[in-house]
Amino acid sequence: MANLVFGFGPKPAAIMIIGERPGAEEIKFGRPFVGRSGQFLTAEFEKIGIKRDELYITNVVKTYAMGNKPPTKHEIKNFLPILEKEIREVRPKIIILLGNTATKVFLPECSTVKRCEPKTIKGVLYFPMPHPGSVIRGYKKTVEAWEKAIENLSSTVQKY
Ligand code: URA
């Protein structure tokens, strides 16, 4: 069992995905987004023509926490240099921010991911989306926000 789960995928990659932190399945397999959230993500992206093996996938924090607790400010700060190094190596055109944790690291002006719009910073498009873990729980507003974001992502990706 891995204690840390680092990013996985091609470098460079046009699209990079940043989640929150690995869950129990990710720790078991040593890869990000391989549990239920990851399976949902893979299926949703395939529907709009984005193949998982083209993506670089990582998390803000690389360690598991019992009960999947959201990362603390301290954990985020500690792992930020690794995340910044990954971004430099991957050189993405689009960075998909899954959930509030990843969104607030790059778009701190956003109060919640559901009300946050994509933004280009230094030539990279930061694209916030609800976290798949909360989408599969089925809250109506989150599901609606996800569907809207997927539609927007589909047309955005065609332009890139
Ligand atoms: N949720 C995350 O944020 N990251 C993973 O790798 C898996 C679930």
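General observations
- Based on the reciprocal of the average 1/r between different C-alpha atoms, the Kirkwood radius for the range 29-88 equals 13.2 Å.
- Here the dipole of the chain is about 260 debye; that uses its Cα centre as origin and unit charges on the Cβ of Lys and Arg (positive) and Asp and Glu (negative).
- Ordering 149-157, 26-34 by mean Cβ neighbour count within 10 Å, with the highest value first, yields 26-34, 149-157.
- Given R0 = 25 Å, the distance between the Cβ atoms of Glu109 and Lys73 translates into a calculated FRET efficiency of 0.90.
- Distance from the Cα centroid of the range 111-160 to that of the range 24-94 is 15 Å (rounded to whole angstrom).
- The range 97-160 - convex hull of alpha carbons, volume per residue in Å³: 74 Å³
- Residues Ile136 and Tyr160, FRET efficiency given R0 of 22 Å [Cβ-Cβ distance, rounded to 0.05]: 0.20
- For Lys62, a cut-off of 19 angstrom between C-alpha atoms picks up these lysines, skipping any fewer than 8 places away in its own chain: Lys11, Lys28, Lys73, Lys77, Lys85, Lys104.
- Look at Leu125, Leu41 and count the other Cβ atoms within 10 Å of each Cβ; fewest to most, that gives Leu125, Leu41.
- In the chain, a dipole from Cβ-located charges (positive for Lys and Arg, negative for Asp and Glu) runs towards its positive end, and of Tyr126, Gly138, Pro12 it is Tyr126 whose Cα lies farthest in that direction.
- Among Val60, Ile87, Leu107 - extreme Cα towards positive end, dipole of the range 55-143, charges at beta-carbon: Leu107
- Each principal axis of the Cα atoms in the chain has its own extent, and those three values, largest first, are 39, 35, 31 angstrom.
We did not get these values from a lab; they are worked out from the coordinates using the rules stated. Here the structure is a predicted model, which is why all the values come from computation and not from measurement. Counting neighbours? That spans all protein chains shown, and the Cβs are built from the backbone with ideal geometry, glycine included.
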